[in-house]
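Data first, discussion second: the structure below is written as structure tokens.
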Amino acid sequence: MIYVVFVEPESPGNIGFLARTMKNFGLTNLVLINPCELKNESYFQAMHARDVVSNSVTYDSLENFLMDAKIDSAVGTTGTAGGSYNVARIAVSPEQLADSINYQGNVALIFGREGNGLSNQEIKLCDVIVSIPTHDYYPILNITHAAAIIFYEMFKREKSYPVDGLEAATKAEKESLMIYMDDIIQKLGYPTHKSKNASLVFKRIIERAFISGREAHTLKGTLRRINARIKEKGNEGEK
């Protein structure tokens, strides 16, 4: 299931515009985080997507929604992607997102405030960050324009997913991989900040890739053996 999440919308009209864009691409699950008051303008701008506005749900925080809806993939959007040294903000393009996302799970497409976008803390809650390449003279897109581009890239691949006979890895299987990798990173003796970055990079790689349940099982076995071998070497060194 795909949820479209609008964090702290400031304009009732933009809520309506987003609902209208959603319905253009067959999306109906709108989530509003601490929104402004819904007014007639919201329904007027929604046009034939008034039902999307009427059926929207509200949460007081993004974190509470992600936990309550049991989101498998949280996709944040940003107009200012980070460079190589800003790991938290390394972003994929809408096309790359559409190619790699697991359509079988619960997916949250998260759009930030009209003025300030998503906060750094909200970005940290996301598994994947997506950014749309724009011209340097005016790089920030209106939220509904950005949403339309992302929705289009996902919609045009709709009939290709899921792949017949290929069972995608579950969130629990992915989390298990991350636990094994975190154990390995801890045993390597990295400084704290490097350990956090290494763990985040591995998490983002796993979330961006389409991994089958069988692939996750095989990778888990490999990580388990690496972990055990490091432990053996450590015990030999203590003798």
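The values are calculated or read from the model by the stated rules, or taken from the named source; none is laboratory data. These numbers come from a predicted model, not from an experiment. No Cβ is skipped: glycine too gets one built from the backbone with ideal geometry, and neighbour counts run over all protein chains shown. Just the protein is used for accessible areas: all its heavy atoms, side chains included, with ligands, DNA and RNA removed. Shrake-Rupley method; radii C 1.70, N 1.55, O 1.52, S 1.80 Å.
Quick rundown of the values:
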item	result
Proximal charge balance of residue 224 [Cβ under 11 Å; K/R count +1, D/E count -1]	+3
Built amide H within the under 5 Å cut-off of residue 29, gap 5+	4
Hypothetical label at residue 214: residues of the stretch 164-195 whose amide nitrogen lies under 12 Å (7 Å Cα-Cβ projection)	165-168
Mean ellipticity per residue at 222 nm, deg cm²/dmol - from DSSP H runs of n ≥ 4 across the chain, formula -39500 (n - 2.57)	-15000 deg cm²/dmol
Crossing angle, helix 12-24 versus the chain [Cα axis fit, 0-90 degrees, rounded to tens]	70 degrees
Solvent-accessible area per residue for the chain (1.4 angstrom probe, square angstrom)	56 Å²
Rounded tilt (10° steps) of 171-187 against the dominant C-alpha axis of the chain	50 degrees
Rounded to whole Å, sorted largest first: equivalent-ellipsoid semi-axes of the chain, Cα gyration tensor	37, 19, 16
Label-to-label distance, nm, for residues given as residue 137 and residue 226 (7 Å Cα→Cβ offset)	4.7 nm
When each of 171/203; 70/194; 124/220; 124/174; 23/70 is checked by Cα-Cα distance, pairs over 21 Å	70/194; 124/220; 23/70
With every protein chain in place, the chain: carbon and sulfur % of accessible area (1.4 Å)	51 percent
FRET efficiency for residue 195 and residue 39, using Cβ-Cβ distance with R0 set to 45 Å, rounded to 0.05	0.40
Kirkwood Rh, angstrom, the stretch 31-148 [1 / mean 1/r, Cα pairs]	15.6 Å
